[in-house]
Amino acid sequence: MTDTMIARLPEVDAFLSRASGSFIDGEHLSGSGRHADIIDPSNALSLTRLGLADEAIVDRAVASAKRCFDNGIWRGMKPAQRERILLKFADLVEAHGEELAQLESLNQGKSIHIARMVDVGFSVDFMRYTAGWTTKLEGQTTSVSIGMPEGAEFHAYTLRQPVGVVAGIVPWNFPFMITLWKVIPALAAGCSIVIKPATETPLSALRLAELALEAGVPAGTFNVVVGAGSIAGQYLAEHPDVRKVTFTGSTAVGKQIGHAAVDHMARFSLELGGKNPMLVLEDADLDKAVHGALMAGLLNQGQVCAAASRFYVHRSLHDAFCERLHGAIQGMSVGPGLDPAAQLNPLVSRRHQQSVLAHIERAQAEGAKVLRGAAVPEEGFYVSPVVLSGVTQQMTVAREEVFGPVLSVIPFDKIEEGLAMVNDSDLGLAASLWTNDLSQAMRLIPRIEAGTVWVNTHVTLDASLPFGGVKQSGIGREFGREAVEACTELKSVCIAY
Ligand code: NAD
């Protein structure tokens, strides 16, 4: 620990003593059954202890959301009024930005800079952009050619209506931001929602539910159940009163959720894992590519679904690329998220730390050369970043998602060979191409199998740009009009006159 640690705001401590478990119908529940410690990943100490939801608590949350949907108070409001409430919610998030950033940094382990800029900063923009769709959801009139009964005329149109109760299941890497990716489109569409955060990181979702209430979202419209994935999460996805499930997390759990949703014909969208490549062509600007790789691979300690983890670098640049990455990771300062001087922070949990370390050991055993980064403290869930050179496409580290600070570099000679390795993956969330040759970029973009392709940048998201995966990386899109429309049903109306 350094002496540059920032002091915790009193509001953060006040919230930690107030939170007790799930948040239903506008109130914190203490829960009488199982409890779990919510851990600070920088020192493995408990921040607070929360009651865990069992099936009965999930039933209560869904019943509350359904009651709010059925009474029509939220969905029946004029769209402009709902938009104003969502904009007020965004204002409150902005006004409480430092408190929320500290809470997220403490619970997730991430850098306070990232929490301020990305988690809170980007989210406020996202909230305002998405709130705007509240007043812009539209159907179409269609030109029908119905021939009977003879002489009848028809007027036909489509209507977008809120789908009903939405369940949002959220992972631990960006718990604050991804909660909002689920909540705001659902509320903009007129739905009510139950969020289930990851067991490790429930705090920011609970604080957001309080702020939504303060902004004027009716109690019970936005509920949070704190509980285990296999109990509360599974039961929520299976719940017959849930009409849409929106999930972000691993591919394995995503498939279970898809099956559970289909069983009761709930709509679903799945944002799943990535094994995202960066393809660095011979003519690329090496400075920019190295800087981009550090950002793309190490943001949030690599715990980013869109992080780059496979770096295909033209052989003429390969050695310099590895050396420069290695130099950069050796010089990084390490510490808790609340230390603004720290460039590397802990991973979210001991379980995840052990999983990332096991991936590194396995890569070494399979023949990769491990270039290690800065030393890390023993206390807390730190992992020193590594650059792996001598990686081949067959190694486990080139195929499985690690979700940590592990950068695998693989050389290629011909562009077609690089492109084939980029597409040689079951996953297809995002990819980036590094080149100054515009014609080459334009030819390659359509051939890259990914939901997002960046050129000379990586992990740059915007609320207006749909985000999601192809292949095993998921179904559906976050952001933009698509995310809000995914919380609606399209009704067709045909009037004879
Ligand atoms: P996870 O799939 O284990 O858990 C995600 C959420 O699902 C958690 O809230 C968890 O409690 C819940 N859950 C677990 N089992 C469940 C079940 N049987 N039924 C219902 N819910 C269940 O993933 P994680 O470990 O929390 O997060 C890391 C993974 O998420 C990585 O694979 C990463 O790529 C992926 N991810 C993807 C995106 C994206 O946008 N595509 C974003 C962030 C994370």
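The values are calculated or read from the model by the stated rules, or taken from the named source; none is laboratory data. Everything quoted here is computed from the prediction, not taken from an experiment. All Cβ positions, glycine included, derive from the backbone under ideal geometry; neighbour counts span all protein chains shown.
Couple of notes before you dig in:
- Subset of segment 233-262 [within 11 Å of the ligand (Cβ to nearest atom) and among the β-branched types (Val, Ile, Thr)]: 245, 246, 248, 251, 253, 257
- Scan segment 160-181 for residues that are crowded, with 19+ Cβ neighbours inside 10 Å and outside any loop (DSSP other than H, G, I, E, B) and the total you get is 13.
- In the set (1) surrounded by fewer than 23 Cβ atoms within 10 Å (Cβ to Cβ); (2) under 23 Å from residue 247 (Cα atoms); (3) touching a strand residue (DSSP E or B) at 6+ places or on another chain (Cβ under 6 Å); (4) not β-branched (Val, Ile, Thr), residue 157 fails one condition alone, (2).
- Members of segment 50-63 found to be closer than 23 Å to residue 161 by Cβ and surrounded by 22 or more Cβ atoms within 10 Å (Cβ to Cβ), listed by number: 61, 62
- Applying the condition of being aliphatic (A, V, I, L, M) and within 15 Å of the ligand (Cβ to nearest atom) to segment 182-200 and asking which residue is surrounded by the fewest Cβ atoms within 10 Å (Cβ to Cβ) yields 198.
- Each residue in segment 350-372 was checked for being more than 22 Å from residue 314 (Cα to Cα) and not in a helix (DSSP H, G or I), and 2 pass.
- Residue within segment 263-275 that is away from the ligand (no atom under 14 Å from the Cβ), among the aliphatic types (A, V, I, L, M) and within 30 Å of residue 373 (Cα to Cα) present: no
- Given (1) buried (at least 24 other Cβ atoms within 10 Å of the Cβ); (2) more than 30 Å from residue 414 (Cα to Cα); (3) in contact with a strand residue (DSSP E or B) (Cβ under 9 Å, 6 or more places away or on another chain), index of the condition residue 274 fails: (2)
- Residue that is buried (at least 20 other Cβ atoms within 10 Å of the Cβ) and modelled with pLDDT of 95 or more, where the choices are 358, 365, 450, 420: 450
- Set side by side, the residues 381, 412, 403 differ, and just one is buried (at least 23 other Cβ atoms within 10 Å of the Cβ) and over 27 Å from residue 474 (Cα atoms), which is 381.
- Meets criteria (under 18 Å from residue 107 (Cα atoms), more than 16 Å from the ligand (Cβ to nearest atom) and surrounded by fewer than 22 Cβ atoms within 10 Å (Cβ to Cβ)) for residue 323: no
- For segment 130-163, the tally of residues that are under 25 Å from residue 178 (Cβ atoms) and charged (D, E, K, R) stands at 2.
- Residue match in segment 152-166 (condition: within 16 Å of the ligand (Cβ to nearest atom), out of contact with any Leu (no Cβ under 6 Å at 6 or more places or on another chain) and more than 16 Å from residue 58 (Cβ to Cβ)): no
- Counting only helices (runs of 4 or more DSSP H) wholly contained in segment 39-130, the ones carrying 1 or more residues that are more than 18 Å from the chain's Cα centre (by Cα) and of a type in the set (Ser, Thr, Tyr) occupy 55-71.
- All of (1) over 25 Å from residue 261 (Cα atoms); (2) of a type in the set (S, T, N, Q); (3) part of a loop (DSSP other than H, G, I, E, B) hold for residue 199 with one exception: (1).
- Of the residues making up segment 202-232, just one is of a type in the set (S, T, N, Q), within 16 Å of the ligand (Cβ to nearest atom) and in contact with a strand residue (DSSP E or B) (Cβ under 8 Å, 6 or more places away or on another chain), namely 223.
- Strands (runs of 3 or more DSSP E) wholly inside segment 373-478 that include at least 1 residues being in contact (Cβ under 8 Å) with a residue 60 or more places away in the chain, more than 29 Å from residue 255 (Cα to Cα) and more than 16 Å from the ligand (Cβ to nearest atom): 386-389, 406-412, 430-434
- Every residue from segment 288-302 that is within 16 Å of the ligand (Cβ to nearest atom) and either on the phi > 0 side of the Ramachandran plot or buried (at least 24 other Cβ atoms within 10 Å of the Cβ) (or both): 296, 297, 298, 300, 301, 302
- Restricting segment 107-138 to residues that are crowded, with 17+ Cβ neighbours inside 10 Å and polar (S, T, N, Q), the residue that is nearest to residue 95 (Cα to Cα): 123
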